[in-house]
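Below is one structure; the comments refer to it alone.
The values are calculated or read from the model by the stated rules, or taken from the named source; none is laboratory data. In this text the structure is predicted, and so the values were computed from the model without any measurement. Cβ atoms come from the backbone with ideal geometry, glycine included; neighbour counts cover every protein chain shown. Ligands, DNA and RNA are stripped out before the accessible areas are found, and what is left, the full protein with its side chains, is counted by its heavy atoms. Shrake-Rupley method; radii C 1.70, N 1.55, O 1.52, S 1.80 Å.
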Amino acid sequence: MRFVALGTGTSVPTADRGPAGFLVSSGGAHVLVDGGSGTLQRCAKAGVDPRTLSGGVYTHRHPDHCADLVPLLFSMRVGPPPRRHAYPIWAGEGFQDFFAGLQQVYGRWIQPGRGEVSIHELPLDTPHDTRLPGGIRLLTRPANHSAGALHLRFEADGVAVVFSGDTGPSEELIALASGADLLVCECAGTDDERIPGHLWPTEVARIARQARPAEVWLTHLYPHVVPEEAVAIVAATGVPTRHAADGDAWSAS
């Protein structure tokens, strides 16, 4: 399994970081995880034509995590060549209604070529286990956020990568991240200036201390967060920690 960070920033525009977006690949399949604005270009830069993606998974429906869905589907329609098979999406309950609203605005322009969009809604109140293309196993648990938020765990090739998504303190995340090879975790606020519905360094450290992933990548740091300070607090747990950057790649090998 290979993972690429396509967007490690926030809703605040910066020159070197885009909003949330990630790519998980295994068995010849490429699955897009979230996708804020600019994700498509960074996906292509990572060597994957977005029009050929095997599917998409969304942690939740906020614009900095899904704004590129419309241009993605539009690109699949116009080609060339237009996509000839369905584009599957896995997301929390409520995503079907969300997509129906997009269809009212854009109509056939977000029908991917000769295929269709098939949406698989995942429960928001209980753990869930499903299979994705490429033999990837997806396990989800409810996140402490809004807009249908979920934590995600991807397993393939004997390894596991976990995404916090946006969340406040969450025992569900600790359970899902237990023993993971990589935890990609938001750290939107500081210990002194927290953001409701999000994490801060000492809380991420608590999660790392209890879940003991092999490695932590911090993402989604708002401008008032000093990356070096946040990394130092989490790394003090003994878990190797870094501030992820757009384009960073990780693989099972």
Choice from 70, 24, 57 with maximal GNM fluctuation in the chain (Cα, 10 Å cutoff): 70
Rounded percent of accessible protein surface that carbon and sulfur make up, the chain, 1.4 Å probe: 51 percent
Inter-centroid distance (Cα atoms) of region 8-51 relative to region 129-205, Å: 18 Å
So how exposed is residue 195, as accessible area in Å² (1.4 Å probe, rounded to 10)? 50 Å²
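As a test, work out the antiparallel percent of DSSP beta bridges whose residues both lie in the chain, rounded to the nearest 5.
60 percent
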Just order 240-247, 85-92 by mean Cβ neighbour count inside 10 Å, highest at the front, would you? 85-92, 240-247
Checked region 157-226 with the C-alpha gyration tensor, a ≥ b ≥ c its square-rooted eigenvalues, rounded below a/c of 1.5, otherwise prolate if a/b is larger than b/c and oblate if not; verdict prolate
Region 57-65 - phi-based ³J(HN,Hα) in whole Hz, Karplus 6.51/-1.76/1.60, Gly and Pro as x: 10, 10, 6, 5, 9, 5, x, 6, 10
Which of (i) 13.9; (ii) 12.3; (iii) 18.1 is the computed mean projected area of the Cα convex hull in nm²? It is (ii)
Ranked order, 203, 229, 121, 172 - accessible area, probe 1.4 Å, largest first: 229, 121, 172, 203
Based solely on its DSSP helices, what 222 nm [θ] is calculated for the chain when runs of n ≥ 4 H residues each add -39,500 (n - 2.57) and the sum is averaged over all residues, nearest 500 deg cm²/dmol? -6500 deg cm²/dmol
Around residue 19, under 14 Å between beta carbons, what's the net of Lys plus Arg minus Asp minus Glu among the other residues? -4
Inter-probe distance in nm under a simple model that places probes 7 Å from Cα toward Cβ, at residue 14 and residue 103: 3.8 nm
Please list 210-223, 71-84 highest first by mean number of surrounding beta-carbon atoms within 10 Å per residue. 210-223, 71-84
Taking placed amide H atoms and a strict 5 Å upper bound, the residues 5 or more places from residue 57 or on another chain that come that close are 32, 33, 34, 90
